[in-house]
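Participant: Would you mind keeping the following structure in view while I ask a few things?
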Amino acid sequence: MDGRELYRLVVENVEDLIALIDLEGRVVFASPSHERVLGYDADELVGRSALELLHPDDLEEARASLGAVLTGGANRQTRSRLRGKDGGWVIVEGIATPISDERGVVTMLLATSRDVTARHEAEEALQAAERKYRSLVEQLPLVTYIDALDIGSSNIYTSPQIEPLLGYSTEEWAAERDLFVKTLHPEDRGRVLAEHAWTHATGEPLKTEYRLIARDGRVVWLQDEAVVVRDESGTPLFLQGYLADITERKAAEHALAERENLLQTIIETEPECVKLIAPDGTLLEMNRAGLEMIEADSLEQVVGKDMSRLIAPEHRAAFTGLTQKALAGGSGHLEYELVGLKGREHERTYGHQAQGDPIQIVNLRLTARVLRPADRAAIRLQEDRTARGGDRRAYFGPAHGAIATPVITRAALDATPRPGPLLLDEYDATTLVPPGCAARLDPHGNIVITTGGQA
C-alpha cells in the first residue's frame, strides 16, 4: 500500500472534519465525515464558500482567524457554529493551517474541526447549575467556605458574605494563605488549630466556636461546622463548611450569666433561708443561710431529700398544706418547729410559686426565717413602722463604691418597682438593692429584687 492510499484511508475514516480551502475561501476538498456531522455529502460542499455555513455571529472571528493565518500569524483554535443540512446548528472547534508550495508560497488552508456540541451543552448545563447554586449559597445568612487540608487550612473558596462580616474580601481570603491564622483571637488560636488538625487527620466533622478579629478591630464570635469531602475512592479532597455569626448570642449569654451571678450572690448573702423544692417535696437548692438553719454541712448532704422529714411531726401536715397551696399558685406563712440534722429550732416560713412553666409547675421556692422568743415583739414593732427618711452610706463594690443610699422598710414598697440603690431595713436584716436593680412587692407580699432597673 503506497502513501497516497494510506492517506486516503485515514481521511475517509477520521471522525474530525477535514477540508482544504483555496485563497478565495472556497472549499476544494471535504472529508466524508461532513455527511455524518452536518448532513452534507462532500460533493455538495466543494466549490462553496467556507464561510457560507457559519453562524452570522461567528463570521467576524472566523475572518480574523483566517486572515491571521494567511499573513503568517499564529494559527489559533476557534469555536464556531455551522448550519447543518437540517437547519440545526452544530458547534465545532477548529484550527486552520497554511499549506505552501515548494517556493514557500501559501496556496491553500487545511481546516480541521471537531464536533463539540454535546460537550458544549454539558458545559452550559454545568455552568447553569453552578450559577444557580452559587446564587443560593451567596444569599444564605452565613459564610460558606472550602479549605485545603493543610496545616493552616489555606482557603480555596469563601462566599462574599465574609467581607461585610470581617472586612476582608474573598480575594484577600484566598490570596493570603495565613489570613485565617492571623485573624484568630489569641486566646482561641491554639485550640482552634488543634481542632482543625484533628479533623484533617481523622476525617471527623468539625464543630466549634471561636473568635476572629475583623479588619476594624471588632471581635466576632463564629460557629464553625465543616466536613471533609472525599472522592469516589475515599481520598480526602478538601474541607467544606460554613461560618455563622453568633456574636449577639454570645453577648446575650454573657449578660444572662452576669445577671444570674448577681442574683445568685443576692440569694447566697440573704440572711433568710431560701430553698427550691420540687413538686414531690424533695429539695433542689438551698442557700447558705438555709443550710445553717437545718444544720447541714453542705448542699450535697440534703439535696434530693424529702424536706417534710425535717419538719416536726406535729407541724408536718401544715407544712405540706402550705407547700401544696404554693404549688397551686397561692402563698402563706407558717410558724413551725424544724427538726434540724443536729437539733431543733423554730421557723417562720413564707411560700410562693417560682417563675417557670405556665402549665406544669416545675418547682417551689420557700423563704424561711428563724424565730426566737424575743423576735416576735420585734416583728410586730418593725411591721408597725412607716418608711424611714434619711440616707446611709453603703458600699456596692468597686464599680460603684460607697454611695449615700436611701433607707426604707417593707412598708415603703408596693407593686411599683423602686430602683436602687436602696437599703431595705427589717428587724433582723438589711438587704442591699444595688444600682441597676429594683425592688417591689409581689402579689403575695414577698420582696422581689431583679436586675435591669425593672421588677
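Participant: For Leu262, indicate whether it is modelled with pLDDT of 85 or more, on the phi < 0 side of the Ramachandran plot and either part of a strand (DSSP E or B) or among the aliphatic types (A, V, I, L, M) (or both).
Facilitator: no
Participant: Another question, if that's okay. Check Tyr40 against each of (1) assigned to a loop (DSSP other than H, G, I, E, B); (2) surrounded by fewer than 17 Cβ atoms within 10 Å (Cβ to Cβ); (3) not charged (D, E, K, R) and name the one condition it does not meet.
Facilitator: With (1) assigned to a loop (DSSP other than H, G, I, E, B); (2) surrounded by fewer than 17 Cβ atoms within 10 Å (Cβ to Cβ); (3) not charged (D, E, K, R) applied to Tyr40, the lone miss is (2).
Participant: In the list Gly94, Gly72, Gly87, Gly47, which residue meets the criterion of being small (Gly, Ala, Ser) and modelled with pLDDT under 85?
Facilitator: One residue alone meets the criteria, Gly72.
Participant: Take the residues in the stretch 431-446 that are assigned to a strand (DSSP E or B) and at pLDDT 85 or above, then tell me which one is surrounded by the most Cβ atoms within 10 Å (Cβ to Cβ).
Facilitator: Out of the qualifying residues, it is Val433.
Participant: Tell me the residue from Arg131, Arg76, Arg119 that is of a type outside the set (Phe, Trp, Tyr), surrounded by fewer than 16 Cβ atoms within 10 Å (Cβ to Cβ) and in a loop (DSSP other than H, G, I, E, B), please.
Facilitator: None of the others qualify; the one that does is Arg76.
Participant: Arg177 is checked against (1) at pLDDT 95 or above; (2) more than 21 Å from Lys250 (Cα to Cα) and fails just one. What number does that condition carry?
Facilitator: Exception for Arg177: condition (1).
Participant: With Thr202, Thr208, Thr235 as the choices, which residue is of a type outside the set (A, V, I, L, M) and modelled with pLDDT of 95 or more?
Facilitator: Thr208
Here is a yes/no grid of residues against (1) closer than 20 Å to Leu17 by Cβ; (2) within 52 Å of the chain's Cα centre (by Cα); (3) basic (Lys, Arg):
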{"residue": "Leu66", "(1), (2), (3)": "yes, no, no"}
{"residue": "Ala96", "(1), (2), (3)": "yes, no, no"}
{"residue": "Leu109", "(1), (2), (3)": "yes, no, no"}
{"residue": "Arg114", "(1), (2), (3)": "yes, yes, yes"}
{"residue": "Glu121", "(1), (2), (3)": "yes, yes, no"}
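Participant: Looking at (1) buried (at least 17 other Cβ atoms within 10 Å of the Cβ); (2) out of contact with any strand residue (DSSP E or B) (no Cβ under 9 Å at 6 or more places or on another chain), which is the only condition Gly241 fails?
Facilitator: Among (1) buried (at least 17 other Cβ atoms within 10 Å of the Cβ); (2) out of contact with any strand residue (DSSP E or B) (no Cβ under 9 Å at 6 or more places or on another chain), Gly241 violates only (2).
Participant: Are any residues in the stretch 382-430 at pLDDT 85 or above, in a loop (DSSP other than H, G, I, E, B) and surrounded by 14 or more Cβ atoms within 10 Å (Cβ to Cβ), and if so, which ones?
Facilitator: Within the stretch 382-430, Leu413, Pro417, Gly420, Pro421 qualify.
Participant: Can you name every residue in the stretch 236-250 that is within 19 Å of Leu142 (Cβ to Cβ) and either in contact (Cβ under 8 Å) with a residue 12 or more places away in the chain or over 17 Å from the mean Cα position of the chain (by Cα) (or both)?
Facilitator: Of everything in the stretch 236-250, those that are within 19 Å of Leu142 (Cβ to Cβ) and either in contact (Cβ under 8 Å) with a residue 12 or more places away in the chain or over 17 Å from the mean Cα position of the chain (by Cα) (or both) turn out to be Phe238, Leu239, Gln240, Gly241, Tyr242, Leu243, Ala244, Asp245, Ile246, Thr247, Arg249, Lys250.
Participant: Restricting attention to strands (runs of 3 or more DSSP E) lying wholly within the stretch 279-357, give those where 1 or more residues are at pLDDT below 80, over 21 Å from Ile267 (Cα atoms) and touching a helix residue (DSSP H, G or I) at 6+ places or on another chain (Cβ under 9 Å).
Facilitator: The strands (runs of 3 or more DSSP E) meeting that bar are 332-339, 344-353.
Participant: Please go through the stretch 244-280 and pick out each residue that is among the charged types (D, E, K, R) and surrounded by fewer than 16 Cβ atoms within 10 Å (Cβ to Cβ).
Facilitator: The answer is Glu248, Arg249, Glu253, Glu258, Arg259, Glu260, Glu268, Asp280.
The values are calculated or read from the model by the stated rules, or taken from the named source; none is laboratory data. Computed from a predicted model, the values in this text were never measured in an experiment. When we count neighbours, we look across all protein chains shown, and the Cβ atoms used for this are built from the backbone with ideal geometry, even at glycine.
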